[in-house]
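First comes the structure, then the notes that go with it.
Nothing in this text is a laboratory measurement; each read-out follows from the coordinates by a stated rule. Note that the structure is predicted; figures quoted are calculated from it, not measured. Neighbour counts run over all protein chains shown; Cβ positions are idealised from the backbone, glycine included.
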Amino acid sequence: MPKIDEKLEPILAQVQRRNAGEAEFHQAVTEVLESLGRVVAKRPDYLDHALIERICEPERQIIFRVPWVDDGGDVRINRGFRVQFNSALGPYKGGLRFHPSVNIGIIKFLGFEQIFKNALTGLPIGGGKGGSDFDPKGRSDGEIMRFCQSYMTELHRHLGEYTDVPAGDIGVGGREIGYLFGQYKRLTNRYEAGVLTGKGLVYGGSRARTEATGYGAVYFVERMLGTRGTEFAGKRAVVSGSGNVAIYTIEKIQELGGKVVACSDSGGYVVDEDGIDLELLKDIKEVRRERISEYAARQSRAHFIDSGSIWDVPCDIAMPSATQNELTGGDARKLIANGVIAVGEGANMPSTPEAVRLFQEAGILFGPGKAANAGGVATSALEMQQNASRDSWTFEQTERRLAEIMRGIHDICAATAEEYGKPGDYVLGANIAGFVRVAEAMRAFGVI
Ligand code: GLU
């Protein structure tokens with residue numbers, strides 16, 4: 001494990017004390033502080049004015065009750081969250097996650113990662129995250145709508161296009177954003193398109209936003225592969241998950257001539273040696289909202305496996321695109337033994353610290369989520385630009401901007417890693433490059 005610089009140790013100890021039991025948040029902060037040792041060695045002035053302590057403490061945390069009525073007429077109660085972590089570079093920006101595992105520690109880890117990710121895009125967005133422990137699985141449209149309306153009834157007073165701009169994350173897609181936006185508009189009596197992103201195209205959404213996280217992650221990996229003189233064409237890939245990120249990761253890999261042989265959901269994974277049939281996958285996941293096991297039921301050449309790990313499937317390129325800590329040290333060992341050459345994180349923090357260390361020690365190209373999956377939020381910022389100018393760009397124009405932004409993120413991570421003496425270490429490069437942007441803005445504002 002890289003050691004934390006002794007000047008940064010008390011900061012980590014304070015975070016652990018103050019946020020007791022929030023393991024994922026501790027993990028995310030630890031990883032960033034490990035990288036910052038090299039910064040404070042070179043630039044001790046970053047230790048002034050408690051700059052790093054302030055970055056680790058959210059500006060505001062909102063926790064609220066979300067009551068709603070299910071289809072049987074029973075009243076249900078969930079807990080809602082929004083962590084407004086850092087607004088040095090722009091309004092708080094980050095998605096909403098609806099999943100039973102959500103708690104304040106999960107939202108804080110996601111919000112903390114979001115600060116650096118958003119900074120890396122070079123666009124004017126701060127960092128935030130929100131969500132609820134609501135489980136959308138098996139809920140009717142009416143239940144989802146009533147839940148979203150209740151959630152927004154509290155949250156709306158904390159939002160605004162210049163204040164805080166949520167979007168989707170796990171469990172929150174176009175349908176939920178529609179219900180949330182409708183309720184915001186109704187409560188405020190304002191058509192404030194820029195208050196949410198990931199909107200439908202007919203009411204202010206951006207083309208290519210749906211595809212952006214997956215496409216962007218593939219662009220990032222493509223550029224990493226380029227540093228070793230190779231490419232996606234002819235490669236075998238495994239993409240975990242089967243939500244929005246995974247689907248458009250698979251689509252872009254296939255476009256570039258790679259073959260994706262497996263994907264998954266929380267029930268297990270499917271292996272299709274001929275390459276995932278994307279039309280079938282979209283129909284199952286986007287249209288019917290069914291389980292991935294359906295894929296094997298409808299495609300006879302595929303197998304569904306409900307035990308073990310998707311990372312047992314041999315591949316050249318692994319793109320974990322499901323959820324945090326889904327790829328363990330044991331999985332990393334397996335992937336390395338099977339000859340993986342690159343790992344690009346489509347999800348947020350999907351690899352455990354041990355897995356990251358193993359990949360890096362083995363010299364495998366490793367693109368951390370806060371860099372590799374920044375295409376989604378970057379395109380959200382492009383949606384905000386279009387809303388601010390009451391404009392709507394073509395798919396091609398938007399995708400071109402996305403590709404440029406991903407190239408920029410890759411290159412600043414690579415250049416920063418080199419500058420700080422660890423060429424090829426995208427974790428270090430992403431953490432430092434993101435940090436420096438946020439820290440410079442915070443320094444300009446004085447102690448606030
Ligand atoms: N939830 C996505 C992320 O993890 C997107 C956030 C957004 O578009 O605001 O970056």
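Which chymotrypsin sites (Phe, Trp or Tyr not before Pro) does the range 265-329 hold that lie in a coil by DSSP with at most 15 other beta carbons within 10 Å?
none
Given the options Ser132, Ser309, Ser240, which has the most mean-square fluctuation in a GNM of the chain, springs set between C-alpha atoms less than 10 angstrom apart?
Ser309
Could you calculate, for the range 332-381, the ratio of the Cα radius of gyration to the Kirkwood radius, expressed as Rg to Rh?
1.05
So what J values fall out for the range 89-106 if you push phi through Karplus, 6.51 cos²θ - 1.76 cosθ + 1.60 with θ = phi - 60°, rounded to Hz, Gly and Pro as x?
Rounded to whole hertz, the list is 9, x, x, 3, 9, x, x, 10, 10, 10, 7, x, 7, 5, 8, 5, x, 5.
Any idea which of Asn103, Val29, Ile448 is furthest toward the positive side of the dipole for the chain, if Lys and Arg beta-carbons carry +1 and Asp and Glu beta-carbons -1?
Checking the options against the dipole of the chain, the answer is Ile448.
Does the range 84-209 come out rounded, prolate or oblate, given a ≥ b ≥ c as the square roots of the eigenvalues of its C-alpha gyration tensor, rounded meaning a/c under 1.5 and, failing that, prolate meaning a/b above b/c?
Values: a/c = 1.63, a/b = 1.19, b/c = 1.37.
Because a/c hits 1.5 or more and a/b fails to exceed b/c, the range 84-209 counts as oblate.
Within the range 340-403, which trypsin sites (Lys or Arg not before Pro) sit in a loop by DSSP and count at most 10 neighbouring Cβ atoms inside 10 Å?
Passing both the DSSP loop test and the Cβ count: Arg390.
Using θ = phi - 60° and the Karplus curve 6.51 cos²θ - 1.76 cosθ + 1.60, what whole-Hz ³J(HN,Hα) does each residue of the range 355-364 get, with Gly and Pro shown as x?
Each residue's phi maps through the Karplus curve to give 4, 4, 4, 4, 4, 5, 5, 7, x, 8 Hz.
Order these peptides, 50-62, 216-228, by their mean beta-carbon neighbour count within 10 angstrom, highest first.
Highest to lowest by the protection proxy: 216-228, 50-62.
Starting from the coordinates of the alpha-carbon atoms of the chain, obtain the Kirkwood hydrodynamic radius over all distinct pairs and give the value in Å to one decimal.
Evaluated over the chain, this radius sits at 22.0 Å.
Compute the distance in nm between two label points, each set 7 Å from the Cα along the Cα-to-Cβ direction, one at Asn325 and one at Leu280.
In this crude label model, Asn325 to Leu280 measures out at 3.4 nm.
Ranked highest first by average number of other Cβ atoms within 10 Å, how do 36-49, 373-386 line up?
373-386, 36-49
What length, rounded to one decimal in nm, is gained on full extension from Glu6 through to Arg157, with 0.36 nm per residue of separation minus their alpha-carbon distance?
Residue separation times 0.36 nm, minus the Cα-Cα distance, leaves 50.2 nm.
Among bridges DSSP assigns within the chain, what percent are antiparallel (round to 5)?
Expressed as a percentage, antiparallel bridges in the chain total about 55.
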